[in-house]
Amino acid sequence: MSRTAPAGTPLGDEFHVYDTTLRDGAQREGISYSVADKLAVARLLDDLGVGFIEGGWPGALPKDTEFFARAAAGELELRHAALVAFGSTRRAGSTVAEDLQVRALLESRAPVVTLVAKSDRRHIERALRTDVDEACAMVRDTVAFLVGEGRRVFLDAEHFFDGYAYDPDCALRVLDAAVTAGADVAVLCDTNGGQLPLGLADTVGEVIARTGFRVGIHCQDDTASAVANSLAAVQAGATHVQCTANGYGERAGNADLFAVVGNLVTKLGKPVLPAESVPELARVSHALAEIANIAPNTHQAYVGSSAFAHKAGLHASAIKVDPLLYNHIDPTVVGNDMRVLVTEMAGRASLELKGRELGVDLAGQPAVLNAAVRRVKELEARGWSFEAADASLELLLRAELSAMDGPPFVLESYRVILDHRLDGEVVSEATVKVRVAGERVIATAEGNGPVHALDAALREALLPHLPWLNEVRLADYKVRILTDHPGTDAVTRVLVESTDHEREWTTVGVHGNIVEASWLALCDALAHKAMRVRSGVAGAHR
């Protein structure tokens with residue numbers, strides 16, 4: 001088969017970024033979008049500047065039908081993207097006119113329709129229980145009908161790569177049926193996600209050479225190659241790429257929109273988004289994760305919080321000279337930041353860079369740097385970790401600089417009692433004795449656990465003297481039991497995240513006793529807030 005796209009096929013728009021988060025991405029285990037969620041996702045994607053947003057399958061799923069109805073009623077005003085309805089062709093042995101599913105696609109009022117059609121002979125014969133002639137007629141009839149009704153049509157050729165390997169002529173006949181009837185793009189789908197980049201690129205290039213069609217790509221991530229496969233397809237000539245936000249999707253997921261776009265823009269030089277939208281990639285990725293109620297992947301390429309985080313001292317030494325020596329791009333291009341992590345691997349350069357990030361100037365002070373490095377490594381060897389506790393690290397660095405005022409209070413003693421009552425209720429009671437503002441204060445409070453009780457008692461003791469304490473809340477509390485040294489008592493590491501509703505900061509405490517570890521982290525949290533209040537320094541540390 002050798003032909004060119006038929007006259008009149010609109011090929012003017014040079015490259016498509018097509019998002020299918022609301023349909024394919026919603027098939028991920030654990031995701032359940034409400035209609036309001038779907039509208040919010042669509043608005044974020046449109047703000048980002050993607051070309052097409054697939055909203056779901058109207059007629060098959062009530063939520064999707066409602067989504068399209070509300071979008072058509074004016075609840076979704078898109079500035080950049082075209083809304084796409086997804087659905088199937090007419091059924092075998094029927095007509096388009098009597099097919100309710102095709103009618104639902106029209107009633108969605110979406111300007112673009114993506115039709116899914118099987119392109120693997122085995123699926124046609126075993127799953128559809130028809131022959132290739134009828135399968136092609138199903139495609140041809142449905143595309144022609146929708147085009148005649150003023151819809152732009154894309155074809156998702158399901159199981160294309162497996163089908164092409166088994167019977168290439170059958171797979172190409174399905175594509176030809178769609179394009180001849182007026183479909184704009186023939187999307188080659190790696191439905192089972194089993195392809196690898198070199199073989200996939202060969203197939204894409206061969207299909208384009210044999211047909212002359214405009215070709216798209218849709219990759220699942222079952223071989224952890226969805227992004228690489230998508231990029232290989234683009235380099236082989238595909239001009240339409242389908243992705244999902246953060247790679248959401250069933251099984252191992254789909255090609256990640258943010259990694260694909262990041263690579264297209266920064267590596268292949270393709271301006272596939274408005275220039276002002278590229279620095280929004282990280283923000284939008286995290287916002288979409290919040291809507292999906294899935295924790296952001298900190299190690300996600302381009303947009304993860306650890307994507308430009310450096311731990312090794314060797315890296316930090318080079319970054320101090322030129323950040324691009326160990327960053328593949330400037331992180332701000334995609335809206336991210338570089339971070340230097342301070343651990344037992346840290347050297348002087350790591351601490352100097354981290355100090356600069358925290359607003360602590362250690363440049364030109366080798367003695368202080370050496371002392372700080374020794375202190376960090378000593379504490380890390382005992383189980384402390386400053387990677388996620390910037391506030392505790394800042395306190396340590398300022399103490400080495402002798403740039404810290406005295407602590408906001410001094411502990412005399414504390415005591416925690418656990419009371420298991422007759423009715424089965426378990427209550428903790430804490431008593432603290434502290435010196436604050438030259439006064440000895442004793443306070444007692446109850447809580448639903450020892451840390452809660454300690455925090456409540458400490459607040460009661462300090463609040464008359466430190467009114468800013470009323471702004472501070474415990475936002476998160478994490479405990480890890482460290483068993484790195486068999487034969488010794490376990491050590492507990494506690495991370496406390498605090499907030500004053502304007503910023504967040506995290507502190508760490510380590511001890512063989514979980515209550516003492518928690519106390520150390522709580523004290524650091526208040527010391528850090530007190531330091532900020534005294535100095536008027538702004539900014540958040542996580």
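Before moving on, here are some points about what is shown:
- Filter result for residue 209 (aliphatic (A, V, I, L, M) and either closer than 24 Å to residue 292 by Cβ or surrounded by fewer than 24 Cβ atoms within 10 Å (Cβ to Cβ) (or both)): yes
- Pairing residues of the stretch 279-291 that are among the hydroxyl-bearing types (Ser, Thr, Tyr) with residues that are assigned to a helix (DSSP H, G or I), at Cβ distances under 7 Å and at least 6 apart in sequence or on separate chains, gives 285/245; 285/246; 285/258.
- A single member of 477, 414 is among the aromatic types (Phe, Trp, Tyr), free of Cβ contacts under 8 Å to residues at least 60 places away in the same chain and touching a helix residue (DSSP H, G or I) at 6+ places or on another chain (Cβ under 8 Å), and it is 477.
- The criterion of at least 1 residues that are at pLDDT 80 or above is met by the following helices (runs of 4 or more DSSP H) wholly inside the stretch 331-434: 366-381, 390-400.
- Some residue of the stretch 156-170 being of a type outside the set (Phe, Trp, Tyr), surrounded by 23 or more Cβ atoms within 10 Å (Cβ to Cβ) and in a helix (DSSP H, G or I): yes
- Residues that are outside any strand (DSSP E or B) and touching a Ser or Thr at 6+ places or on another chain (Cβ under 8 Å) were ranked within the stretch 485-519; the one that is modelled with the lowest pLDDT is 490.
- Residue selection: residue 66 fails the criterion of being among the charged types (D, E, K, R), modelled with pLDDT of 90 or more and under 25 Å from residue 238 (Cβ atoms).
- Looking across 160, 258, one residue alone is farther than 25 Å from residue 273 by Cα and aromatic (Phe, Trp, Tyr). It is 160.
- Each residue in the stretch 380-393 was checked for being of a type outside the set (Lys, Arg) and out of contact with any Ser or Thr (no Cβ under 9 Å at 6 or more places or on another chain), and 2 of them qualify.
- Matching residues in the stretch 167-192 - criterion: being more than 22 Å from residue 84 (Cβ to Cβ) and in contact (Cβ under 8 Å) with a residue 12 or more places away in the chain: 167, 169, 170, 171, 172, 173, 176, 192
The values are calculated or read from the model by the stated rules, or taken from the named source; none is laboratory data. Values in this document were obtained by computation on a predicted structure and should not be read as measured data. Every residue, glycine as well, gets a Cβ built from its backbone with ideal geometry; the counts of neighbours run over all protein chains shown.
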